[in-house]
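See below for the structure under consideration.
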Amino acid sequence: MRVSCPDVKFAKMVITQYGGPDGELSASLRYLNQRYSMPFNKAKALLTDIGTEELAHMEMIAALVYKLIQGADCEDFKAAGWEGQYVQHDHGLFWTDANGVPWTAKYIAALGDPITDLTEDMAAEQKARTTYEHLIECTDDPCVKDTLRFLWEREVVHFQRFGEMLNEVNEYMGKCHIWNGHKFEKK
Amino acid sequence: MNCEKQLAMLKRIQEMEFVAVELNLYLDTHPCDEDAINDYNCAVDALCKLKKEYEEEYGPLMNFGFSYSDKPWQWIESPWPWEM
Ligand SMILES: [Fe+2]
């Protein structure tokens, strides 16, 4: 994890991938929480594994923000329009989006229906991908762009894997099972 | 942290861990792909070797019972990811 030089203004933007609606904390908790009601082992494994990978991504974003504000003082935060961060948290990290809105469990859905939840997960990956695209546009630092491109690409891979799992659940239902509210039953 | 050799070894571990993560996710949805399982097992072998080399020189990568410690307690000497 490298940055060419501290950039408080960009830290204020990229914090949304720490504590925003489509950030890495939301992603991680969404998948690790949804895995309990998945219908078979493959799906439980996939949610466990992607949820764990997202936790690692959250640490990457945390390290990125930490480095982007390294050495910054009150005046630097003011110049970047992020004095609220300085006043309330100084160099401590806090889960908010780019507008300072604190993280909330409302960002996460869990309906307990595997088709609904996997569809939600696919949308979440696309939202994260789009957010990374916006962020990549907003920085000129080649090191930061590299990190963000890596994370961007992971969202594309996760979307692919969730799509494959959704197809499997659909097939499983199409063949001989129906979803009766909390478990699959033979037709 | 400014030790180039340590950073280079960590980078190789991270690269191989990435290979393992990517194959792991792929295998979750393609569990019968034997070539991918062979590749995954190769990554496990390479990782074991790399981690052993690293830990012998620089101390534990993991705590909570995954690695031994010299004396004094080595875990607290580890470089933290956000300081590298
Ligand atoms: Fe993701």
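Scan A:31, A:66 and give me the residue that is within 20 Å of residue A:144 (Cβ to Cβ) and at pLDDT 95 or above.
A:66
Could you tell me which residue of segment A:34-46 is nearest to the other protein chains (Cβ to nearest Cβ), considering only residues that are touching a residue at least 40 places away in the same chain (Cβ under 8 Å) and not in a loop (DSSP other than H, G, I, E, B)?
In this case the residue turns out to be A:46.
This table checks each residue for (1) surrounded by fewer than 16 Cβ atoms within 10 Å (Cβ to Cβ); (2) within 16 Å of the ligand (Cβ to nearest atom); (3) not in a helix (DSSP H, G or I).
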position: A:66; (1), (2), (3): no, no, no
position: A:72; (1), (2), (3): no, no, yes
position: A:115; (1), (2), (3): yes, no, no
position: A:124; (1), (2), (3): no, yes, no
position: A:129; (1), (2), (3): no, yes, no
position: A:146; (1), (2), (3): yes, no, no
position: A:157; (1), (2), (3): no, yes, no
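Taking residue A:83 as meeting all but one of (1) within 14 Å of chain B (Cβ to nearest Cβ); (2) in contact with a helix residue (DSSP H, G or I) (Cβ under 8 Å, 6 or more places away or on another chain), write down the number of the exception.
So the condition that residue A:83 fails would be (1).
Residues to consider are A:52, A:119, A:48; find the one that is within 16 Å of the ligand (Cβ to nearest atom), open to solvent by 30 Å² or more (accessible area, probe 1.4 Å) and more than 15 Å from the chain's Cα centre (by Cα).
The conditions single out A:119.
Can you go through A:17, A:85, A:34 and tell me which one is within 27 Å of residue A:173 (Cβ to Cβ) and crowded, with 19+ Cβ neighbours inside 10 Å?
After applying the criteria, what remains is A:34.
Does residue B:54 satisfy the criteria of being closer than 23 Å to residue A:53 by Cα, aromatic (Phe, Trp, Tyr) and open to solvent by less than 80 Å² (accessible area, probe 1.4 Å)?
yes
Which residues, taken from segment B:13-28, are at the interface with chain A (Cβ under 9 Å from one of its Cβ atoms) and either among the basic types (Lys, Arg) or in contact with a Leu (Cβ under 9 Å, 6 or more places away or on another chain) (or both)?
B:25, B:28
If we keep just the residues of segment A:1-13 that are touching a Phe, Trp or Tyr at 6+ places or on another chain (Cβ under 8 Å) and assigned to a helix (DSSP H, G or I), which is least open to solvent (accessible area, probe 1.4 Å)?
A:11
Anything in segment A:96-108 that is more than 14 Å from residue A:17 (Cα to Cα) and either surrounded by fewer than 16 Cβ atoms within 10 Å (Cβ to Cβ) or of a type in the set (Lys, Arg) (or both)? List them, or say none.
A:105, A:106
Do you know which residues across segment A:14-33 are more than 11 Å from the ligand (Cβ to nearest atom) and in a helix (DSSP H, G or I)?
Those that are more than 11 Å from the ligand (Cβ to nearest atom) and in a helix (DSSP H, G or I): A:14, A:16, A:18, A:19, A:25, A:29, A:32, A:33.
Within segment A:144-174, track down each residue that is over 19 Å from the mean Cα position of the chain (by Cα), more than 12 Å from chain B (Cβ to nearest Cβ) and closer than 23 Å to residue B:27 by Cβ.
Listed by number, the residues that qualify are A:170, A:171, A:172.
On the given criteria, is residue A:95 within 16 Å of the ligand (Cβ to nearest atom), within 16 Å of the chain's Cα centre (by Cα) and more than 14 Å from chain B (Cβ to nearest Cβ)? Show your work before the answer.
Details: within 16 Å of the ligand (Cβ to nearest atom): no; within 16 Å of the chain's Cα centre (by Cα): yes; more than 14 Å from chain B (Cβ to nearest Cβ): yes.
It is false that residue A:95 is within 16 Å of the ligand (Cβ to nearest atom), within 16 Å of the chain's Cα centre (by Cα) and more than 14 Å from chain B (Cβ to nearest Cβ).
What number of residues in segment A:55-84 are closer than 18 Å to residue B:20 by Cα and without any contact (Cβ under 8 Å) to a residue 60 or more places away in the chain?
Counting residues in segment A:55-84 that are closer than 18 Å to residue B:20 by Cα and without any contact (Cβ under 8 Å) to a residue 60 or more places away in the chain gives 2.
Only one of these is closer than 19 Å to residue A:35 by Cβ, away from the ligand (no atom under 13 Å from the Cβ) and free of Cβ contacts under 8 Å to residues at least 40 places away in the same chain: A:137, A:171, A:133, A:164. Name it.
A:164
So residue B:5 ticks every box in (1) without any contact (Cβ under 8 Å) to a residue 12 or more places away in the chain; (2) within 27 Å of residue A:155 (Cα to Cα) but one. Which box is left unticked?
Of (1) without any contact (Cβ under 8 Å) to a residue 12 or more places away in the chain; (2) within 27 Å of residue A:155 (Cα to Cα), only one is false for residue B:5: (2).
The values are calculated or read from the model by the stated rules, or taken from the named source; none is laboratory data. The shown structure was predicted, so the numbers you read here are calculated from the model rather than taken from an experiment. Cβ coordinates were reconstructed from backbone atoms using ideal geometry, including for glycine residues, and neighbour counts include every protein chain displayed. Accessible surface is based on the protein model in full, side chains and every heavy atom, while ligands, DNA and RNA are left aside. Shrake-Rupley method; radii C 1.70, N 1.55, O 1.52, S 1.80 Å.
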